[in-house]
Amino acid sequence: MAGYIIRRLFMGLVVIIVVTVLVFLLIRLLPGDPLLVYLTQQQYRETVYDPAQLAQLQQRFGLDKPLPVQYISWIADMFHGDFGESITFQQPVSKLISQRMPVTLYLSVIGAIFATVVGIGFGIICALRRGTWLDTVLTFLANIGITVPSFWAAILLIYLFGLKLHWVPIGGYTSPFENFWLSTRQIVLPVFCMALFGLAANTRLTRSCMLEVIAQDYIRTAWAKGLKERVIVFRHTIKNGLIPIIANMGFLVAGLFGGSVIIETLFNIPGVGRLLTTAILGQDFMIVQTGTLLFVGLITITNIAVDISYGWLDPRIRYD
Amino acid sequence: MNTLLQVENLKTYFRTYRGIVKAVDDVSFHVNDKEIIGLVGESGCGKSVTMLSVMQLITTPPGKIVGGKVIFEGQDLLQYKAKGDQMSSIRGGKIAMIFQEPMTSLNPVLTICRQLTETLECHLNMDSHTSRLRAIELLKLVGIPEAENRIDAYPHQFSGGMRQRVMIAMALSCSPKILIADEPTTAVDVTTQAQLLDIMKEMVDQHHTSLIIVTHNLGVVARYAQRIYVMYAGRIVESGLSDDIFENPRHPYTIGLLKCVPRLGETTGKKKLVPIKGVPPRLIDMPEHCPFLPRCAYKIEKCKTEPVSALREVGNQHYISCFVDTQEKR
Amino acid sequence: MAYSSLPGAPPDEATEWDKPVKKYSEFRRTVSVFFGRPLPIVGLIIISFFIIITIFGPWIAPYDPLEMDVMNSLAHPSSAHLLGTDEIGRDTLSRLIYGARTSLFIGIVVISVSVAIGVFLGLVAANSSSVPHHIIMRITDGLMAFPSILLALLVAGLLGGGLQNIIIALTVGMIAPVIRITCAMALSVKENDYVLAARTIGTSKMRIMLSEILPNCFAPILVMMTMGIGSVILAEAGLSFLGVGITPPTPVWGRMVNDGYKFLLTNPELSFAPGLAVMLVVFGFNMMGDGLRDALDPRLRGVV
């Protein structure tokens, strides 16, 4: 088991390195010169710029050195906690992100729990009551859930619950520590919209995995032994059925972070997603670099954790 | 000699998009106590489905038990709900079943100990400590070496033969009255086959359990069974005492079957094995007449016009489902 | 009498068992499973409708989508304008219809390109030795660690707007899952004995890839493509909602939702209609993909 964990960690590390290279390359190699943008903005949108100033800026941001060197120094800087400075905000990136990270994390964690628990629950109900109206309805809703664009669902819900019924405020965010009730009312819609896709996908996945497990020989053996239905479901079926769902966790987290990009913008929530969107559209590379790396890093860590917990769930893998 | 289990006119049909498959079509048999009976027939003749119907383990869509009675200890088991508590207490506790595929019949994520003790806790209300000890004992009885250490292993760490032994141990753990063995030896090699059968016979003798062996291997039933039922296309075509069936088969199918089986020590007579010409019928939209008709060498005019014959007696406990008296032709 | 002298001899006349059986064809089975359940049929209807609108758009649309009629701006749905107008008087219905053409075009192009590249790379990865396989797979793993919206957003945001760049961005976002799934499929097909047999008689690797492995991957690839179009359209809507993508004034569904958001209280249909259109189209493709998958090979459930 230990060997398995170590191998997974190693593979994860490789992936993280690949990811940093990808992020780095993506930003450096794409056309568009951020400094030009910065300069022309500084000089009130003139298209003429002072080459000396450009060179100075280049030196300041380290952009005049060859690529591999830039990469190494970037990584080294990160280990020292220096994530660069935002061109648009004129503040250290680390400060900008650390202000916003808790918000996004808060929403994502709640979203993840919601999507997982409710999704698995619905999926189990569908599988056990297969063919009944409950199964049909839930499956249909799940199919809708994976097709609805999250921003559209958000707008619909804002219209209904915000504008018409006035049950929730339209947007904005307060920390739960300041005003718990207001905070909760504010995050209900955003969390639901972020988690909707994951919830629906989990329901479908759980349903089909459970159905597959139920058809296995060892479940027939369990019935033949005279065990009660409840025991068979909870001890024999679920443990086997959960394996693919845990494997999906990485995608769920990716979906939540991806969703945060749109939802935070729409609901005016000061999280990393909105920051990242603004930064990408404004070509503020420092923020883009670090923000992307943050998201992707968290997703990769989730995947590693998932792979390791696989071994606990499925003993056949342990001795691989 | 008491009758433990009496199955009368059992019918199990399956709906497929190509038609209704009459997998079990009016099957009747009985099992007495302390008896070993064999249910033989080729693949697809409905023997497994018969036994699954007795245990109410048929997946309801697409299959359904449409008629008949399964009388055990005075009760018709088919009156119980398939997933209900009454049927669950019979399964494993009074009637146990082991299956053909040991490789997939055990839950891969639970230890052998857990899979053994849960039956004991369920039917015999043992606590976890006693059940664990009993489980170790059972493993020793079926011949698993180092039972105390291996009991906490997972199924994938056992070979096929050992898994089948574990299945036998699980089935017999609550001392059921009847053990149904559905093709228990088909998936294992010949040496293990012999060992498994011996273990089953021994357990049966010790616990006074009746055994139903379902197989297409005539050799197995010849050695162990006292009475035999021969099935073809969802019906019982011949039944009788084991010796009778082998020495004096009366139904054309059984006759044909025994002609295909090589026998040791047969030095006189024909040396060639004569297969039964033709193929087994599709079980969809079966006609009313005898299912063996296209392949039968003894058929008469009546066979084509009348519905299939009911079982009629041709000797001591010897019944066949045939109009023809095949004795004349031998 | 109709029995012959030797027991065991073959029957001497045909009975009804010998009548020829209606030929069971795999195609017939596939078709009947696909049309057996209601949802795939609904999906097929929706998609056909969508395709018809796309092809005959210019003839169906009541107005020119770019035509402005400021006198009639923000009109509510009426007989003149079935879905109302936007803030500069353009007819919403016509814009929806033209938007369909954009969405479908992008969907098809992106899927075709990403499947072509992705399947190729996936097959190469499955068929090569350790080093190239690992390189491709690790890069794929790295790409898959990105939420696909984020990846597309990055590429699109940094490349700039415009149709071509959007297509590139969405393709980049779609490639990694295609490679992963294709490689897994190819690897499991490789385990089969017929591939081993081909290798034993000395068939070259390229030939094995093309004639043994690829045909067996058709079903999952087809399903992947159908469901992929849905994902691409959804992603494109998200991107254009954020303001990235096709430049105005070309009507694009995602951007229409965003534009309509400002007028949510007075003219909700400006946002609702395009969003509903996206949802219906994606739903249609997904249901069709589900049906295809169940018809072609139900074992693919959970994989594709």
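The values are calculated or read from the model by the stated rules, or taken from the named source; none is laboratory data. From a predicted model like this one, the values you see are computed outputs, not experimental measurements. Every residue, glycine among them, receives a Cβ derived from its backbone with ideal geometry; neighbour counts consider all protein chains shown.
Descriptive notes on the structure:
- Of all residues in region C:74-114, those that are surrounded by fewer than 16 Cβ atoms within 10 Å (Cβ to Cβ) and either in a loop (DSSP other than H, G, I, E, B) or on the phi > 0 side of the Ramachandran plot (or both) total 9.
- Region A:119-137 - residue that is among the aliphatic types (A, V, I, L, M) and either surrounded by fewer than 16 Cβ atoms within 10 Å (Cβ to Cβ) or within 14 Å of chain C (Cβ to nearest Cβ) (or both) and, of those, farthest from the chain's Cα centre (by Cα): A:Leu134
- Scope region A:144-184; condition part of a helix (DSSP H, G or I) and free of Cβ contacts under 8 Å to residues at least 12 places away in the same chain; matching residues: A:Trp152, A:Leu156, A:Tyr159, A:Leu160, A:Leu163, A:Lys164, A:Phe180, A:Trp181, A:Ser183, A:Thr184
- Cβ-Cβ under 6 Å pairs, at least 6 apart or on other chains, region C:226-246 side within 15 Å of C:Thr171 (Cβ to Cβ), far side part of a helix (DSSP H, G or I) and among the aromatic types (Phe, Trp, Tyr): C:Ile229/C:Phe285
- Every residue from region C:174-200 that is within 17 Å of C:Arg138 (Cβ to Cβ) and of a type outside the set (Lys, Arg): C:Ile175, C:Ala176, C:Pro177, C:Val178, C:Ile179, C:Ile181, C:Thr182, C:Cys183, C:Ala184, C:Leu187
- Checking A:Gly297 against (1) facing another protein chain (nearest Cβ under 9 Å); (2) surrounded by fewer than 19 Cβ atoms within 10 Å (Cβ to Cβ); (3) without any contact (Cβ under 8 Å) to a residue 40 or more places away in the chain, the condition it does not meet: (3)
- Filter result (in a loop (DSSP other than H, G, I, E, B), within 10 Å of chain A (Cβ to nearest Cβ) and over 22 Å from C:Leu163 (Cα atoms)) within region C:230-274: C:Leu264, C:Leu265, C:Pro268
- Cross-chain or 6+ apart pairs with Cβ under 8 Å, region B:209-231 first and within 13 Å of B:Gln193 (Cβ to Cβ), then of a type in the set (A, V, I, L, M) and in a loop (DSSP other than H, G, I, E, B): B:Ile213/B:Ala225; B:Gly219/B:Val261
- For region B:206-231, the set of residues classified as among the basic types (Lys, Arg) and under 13 Å from the mean Cα position of the chain (by Cα) consists of B:Arg227 only.
- The residues in region B:81-108 that are out of contact with any strand residue (DSSP E or B) (no Cβ under 8 Å at 6 or more places or on another chain), more than 7 Å from chain A (Cβ to nearest Cβ) and under 20 Å from B:Ile213 (Cβ atoms) can be counted, and the count is 1.
- Subset of region B:32-50 that is closer than 16 Å to B:Ile178 by Cα and not in a strand (DSSP E or B) - its residue that is nearest to the other protein chains (Cβ to nearest Cβ): B:Ser48
- B:Ser53 within 14 Å of another protein chain (Cβ to nearest Cβ), touching a Ser or Thr at 6+ places or on another chain (Cβ under 6 Å), of a type outside the set (A, V, I, L, M, F, W, C) and within 25 Å of A:Lys228 (Cα to Cα): yes
- The set of residues from region C:115-147 being in a helix (DSSP H, G or I), among the aliphatic types (A, V, I, L, M) and within 14 Å of chain A (Cβ to nearest Cβ) comprises C:Val131, C:Ile135, C:Ile136, C:Met137, C:Ile139, C:Leu143, C:Met144.
- Residues in region A:118-143 that are within 17 Å of A:Thr237 (Cα to Cα), free of Cβ contacts under 8 Å to residues at least 24 places away in the same chain and assigned to a helix (DSSP H, G or I): A:Gly121, A:Ile125.
- Every pair of residues 6+ apart whose Cβ atoms lie under 7 Å, when the first sits in region A:233-258 and is of a type in the set (Lys, Arg) while the second is not in a helix (DSSP H, G or I): A:Lys239/B:Val109
- Against the conditions (1) at pLDDT 85 or above; (2) at positive phi; (3) within 12 Å of chain C (Cβ to nearest Cβ), B:Pro252 satisfies every one except (2).
- Residue count for region B:170-187 satisfying the condition of being within 17 Å of B:Glu101 (Cα to Cα), under 17 Å from the mean Cα position of the chain (by Cα) and crowded, with 21+ Cβ neighbours inside 10 Å: 7.
- None of B:Tyr253, B:Tyr229 is within 26 Å of B:His30 (Cα to Cα) and assigned to a helix (DSSP H, G or I) except B:Tyr253.
- Taking the criterion of being among the β-branched types (Val, Ile, Thr), crowded, with 24+ Cβ neighbours inside 10 Å and either in contact with a Lys or Arg (Cβ under 7 Å, 6 or more places away or on another chain) or more than 9 Å from chain C (Cβ to nearest Cβ) (or both), the residues of region A:254-274 that qualify are A:Ile263, A:Val272.
- Candidate set from region A:212-244 (those that are under 21 Å from B:Gly93 (Cβ atoms) and among the small types (Gly, Ala, Ser)); member that is farthest from the other protein chains (Cβ to nearest Cβ): A:Ala222
- Residues of region A:85-115 that are of a type outside the set (Asp, Glu) and part of a strand (DSSP E or B): A:Pro92 alone.
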